[in-house]
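Take a look at the structure below.
The values are calculated or read from the model by the stated rules, or taken from the named source; none is laboratory data. This one's a predicted model, so the numbers in the text were calculated from it and none came from an experiment. Using ideal geometry, Cβ is built from the backbone for each residue, glycine included, and neighbour counts are taken over all protein chains shown.
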Amino acid sequence: MDNLPDPVVYAVPAFILLLIVEMIVSLRRDKRRYEARDTLTSLMLGTVSQVAGALVGAAVVGAALWAYQFRLFDIGMELQTWWWAWILCFVLDDLAYYVFHRSAHRVRWFWASHVIHHSSQHYNLSTALRQTWTGFFSLSFLFRMPLFLIGFPPAMVFFCAGLNLIYQFWIHTEAIGRMPKWFEAVMNTPSHHRVHHGVNPRYLDANYAGVFIIWDKLLGSFVPERDDEPVRYGIVKQLGSFNILWAAFHEWVGIAKDVWNAPWQHKLSYMWREPGWSHDGSRMTSDMIKARWMAGRRVEEAAE
Amino acid sequence: MTAAVWIQLGASLAAVLFIAWLVRAMGLGADPRIEDAAHAIRLADEAEAGFGGVEVARDRAGFAAIVRNAEGRMLLIRAHGNHFAARPVDASVIGRLDKDFLTLTTRERTFGAVTLQLGKEASVWASRMREVVRG
């Protein structure tokens with residue numbers, strides 16, 4: 001495999017600098033945007049995520065190279081000739097990210113790994129670094145396999161994925177309101193991504209985009225941020241703890257308990273159905289929460 | 001692992017601790033309190049859409065509250081960092097009454113036990129908890 005640098009490594013100093021800038025902004029505008037234990041939890045989760053990624057890196061590259069040998073096309077890496085392939089790779093990798101991300105919210109197995117990223121009740125740049133430890137175990141790398149099968153060289157795909165990750169860092173902030181209209185129309189922005197992290201019923205399961213918000217607009221998952229409804233962040237059942245092990249594994253523990261206790265015919269459903277699903281209807285999925293909220297609104301409107 | 005990897009890991013941990021220290025040193029953060037019954041009811045609705053609280057037992061200092069709805073279901077709300085977290089008060093929750101204090105211990109160890117100073121109301125809410133346990 002061709003060697004390209006990992007762009008994320010070069011971005012780390014900028015991440016730290018921007019974090020400090022955002023903290024200064026928070027000091028002036030709203031001190032509640034940061035909390036020391038929350039920030040420590042986010043950053044520790046991010047650090048261990050890097051270690052976990054490094055430990056399984058060889059296996060992910062191996063899987064990519066294995067798929068790449070069955071490629072449909074031979075696509076080169078050289079920028080002057082293959083510049084269009086780089087652009088196409090970046091766009092298609094972002095589409096693959098959208099599909100992964102939507103699955104990560106709609107299938108409990110993938111959610112168990114992704115939930116770490118949503119487990120903070122804060123929304124600041126440290127939240128961006130709160131990343132999964134169990135991505136490899138949950139098989140999330142499979143979502144990029146089509147790119148290798150098309151013929152995009154693994155080094156090109158991983159480089160584009162790194163750029164995608166870097167892009168997503170700056171959108172985890174409340175310090176920026178709205179970007180210019182044309183930018184909001186095409187790109188994922190702090191406003192769009194705040195909605196994605198929201199637990200307000202209106203905002204649940206929306207805006208899965210990585211870089212381009214157009215995927216949500218095309219595939220029916222776009223919800224705009226409203227000025228009259230501030231976003232509340234976190235997960236439906238807030239963790240209520242700064243324990244990093246619990247943040248990393250609580251949903252896996254939940255799956256294990258549910259699978260153990262469920263009747264045989266429902267065991268698999270506790271892995272592949274949406275988070276909150278239960279065979280006896282005793283819990284709430286995001287769709288049920290939204291339906292209850294909508295019903296409540298209709299009653300309120302009728303009363304008015 | 002090579003020495004370079006250990007150095008990178010050590011530097012990352014140092015940066016993490018520095019930033020967390022900086023957040024505290026800059027005085028960022030808040031001391032959230034449940035201001036009144038209306039606030040507690042709103043927090044319960046945020047924790048569970050449409051909960052519809054009708055009665056509240058609020059800790060004197062505002063660190064926590066129990067909200068009860070018309071169906072008799074109860075939610076325990078407590079401060080967590082700058083925000084709040086809630087859990088249902090069901091048969092698995094252990095309640096302990098000590099004069100004006102009611103301590104609720106949930107099954108979730110990471111959520112911990114919550115002690116509410118409720119004054120004379122403490123015994124009323126303790127008996128409500130017993131009703132929940134009896135089903």
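Just one residue in the set A:ILE235, A:ILE171, A:ILE176, A:ILE166 is within 14 Å of chain B (Cβ to nearest Cβ) and closer than 19 Å to A:LEU129 by Cα; that residue is A:ILE235.
Within the range B:53-74, the set of residues being within 14 Å of the chain's Cα centre (by Cα) and either among the aromatic types (Phe, Trp, Tyr) or farther than 20 Å from B:SER123 by Cβ (or both) comprises B:GLY62, B:PHE63.
The residues listed here are A:ARG202, A:ARG292; of these, the one that is within 11 Å of chain B (Cβ to nearest Cβ) and within 21 Å of A:TYR98 (Cα to Cα) is A:ARG202.
Of the residues making up the range B:104-111, at least one is of a type in the set (Lys, Arg), part of a loop (DSSP other than H, G, I, E, B) and surrounded by fewer than 15 Cβ atoms within 10 Å (Cβ to Cβ).
Being within 30 Å of B:VAL124 (Cα to Cα), of a type outside the set (A, V, I, L, M, F, W, C) and more than 15 Å from the chain's Cα centre (by Cα) is a description that applies to B:GLY50.
Per-residue answers, yes or no, for (1) among the hydrophobic types (A, V, I, L, M, F, W, C); (2) surrounded by fewer than 20 Cβ atoms within 10 Å (Cβ to Cβ):
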{"residue": "A:GLY220", "(1), (2)": "no, yes"}
{"residue": "A:ARG226", "(1), (2)": "no, yes"}
{"residue": "A:ALA247", "(1), (2)": "yes, no"}
{"residue": "A:ALA256", "(1), (2)": "yes, yes"}
{"residue": "A:VAL259", "(1), (2)": "yes, yes"}
{"residue": "A:LYS267", "(1), (2)": "no, yes"}
{"residue": "A:TRP277", "(1), (2)": "yes, yes"}
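I need a count of the residues in the range A:147-158 that are aromatic (Phe, Trp, Tyr) and outside any helix (DSSP H, G or I). Walk me through it before giving the result.
Initial filter on the range A:147-158 (aromatic (Phe, Trp, Tyr)): A:148, A:152, A:158.
The next check asks that each one be outside any helix (DSSP H, G or I); those that pass are A:152.
The qualifying residues number 1.
Quick check on this structure: which one of B:ALA3, B:ALA91 is surrounded by fewer than 16 Cβ atoms within 10 Å (Cβ to Cβ), of a type in the set (A, V, I, L, M, F, W, C) and out of contact with any Lys or Arg (no Cβ under 9 Å at 6 or more places or on another chain)? Outline the logic, then answer.
Values: B:ALA91 fails: out of contact with any Lys or Arg (no Cβ under 9 Å at 6 or more places or on another chain).
Being surrounded by fewer than 16 Cβ atoms within 10 Å (Cβ to Cβ), of a type in the set (A, V, I, L, M, F, W, C) and out of contact with any Lys or Arg (no Cβ under 9 Å at 6 or more places or on another chain) holds for just one of B:ALA3, B:ALA91, which is B:ALA3.
To keep it simple, each residue is scored yes or no on (1) more than 30 Å from A:SER286 (Cβ to Cβ); (2) modelled with pLDDT under 95; (3) basic (Lys, Arg).
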site	(1), (2), (3)
B:VAL5	yes, yes, no
B:GLN8	yes, yes, no
B:LEU13	yes, yes, no
B:ALA20	yes, no, no
B:ILE34	no, no, no
B:ALA65	no, no, no
B:ARG73	no, yes, yes
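Among the numbered conditions (1) closer than 20 Å to A:TYR10 by Cβ; (2) assigned to a helix (DSSP H, G or I); (3) not aliphatic (A, V, I, L, M), the only one that A:HIS172 does not meet is (2).
Contact map, the range A:84-100: first residue within 13 Å of A:GLY162 (Cα to Cα), second residue of a type in the set (Val, Ile, Thr) and part of a helix (DSSP H, G or I), Cβ cut-off under 8 Å, separation 6 or more or different chains; pairs are A:CYS89/A:VAL157; A:ASP93/A:VAL157.
Just the residues that are among the aromatic types (Phe, Trp, Tyr) and closer than 19 Å to A:GLY57 by Cα, please, taken from the range A:1-27. Lay out the reasoning, then the answer.
Residues of the range A:1-27 that are among the aromatic types (Phe, Trp, Tyr), as a first pass: A:10, A:15.
If the condition is that a residue be among the aromatic types (Phe, Trp, Tyr) and closer than 19 Å to A:GLY57 by Cα, then A:TYR10 is the only one that fits.
Wholly within the range A:2-121, which helices (runs of 4 or more DSSP H) include no fewer than the required count, namely at least 1 residues that are surrounded by 19 or more Cβ atoms within 10 Å (Cβ to Cβ) and within 11 Å of chain B (Cβ to nearest Cβ)? Before you say what the answer is, go through the steps one by one.
Working: elements: A:7-29, A:36-68, A:79-106, A:108-118.
Because the criterion is at least 1 residues that are surrounded by 19 or more Cβ atoms within 10 Å (Cβ to Cβ) and within 11 Å of chain B (Cβ to nearest Cβ), the helices (runs of 4 or more DSSP H) in the range A:2-121 that meet it are A:7-29, A:36-68.
Check the range A:242-265 and report whether any residue there is away from every other protein chain (no Cβ under 14 Å) and on the phi > 0 side of the Ramachandran plot. No - not one qualifying residue is present in the range A:242-265.
Among the candidates A:ARG130, A:ARG144, which residue alone is crowded, with 22+ Cβ neighbours inside 10 Å and outside any helix (DSSP H, G or I)?
Details: A:ARG144 fails: outside any helix (DSSP H, G or I).
Checking each option against the conditions leaves just A:ARG130.
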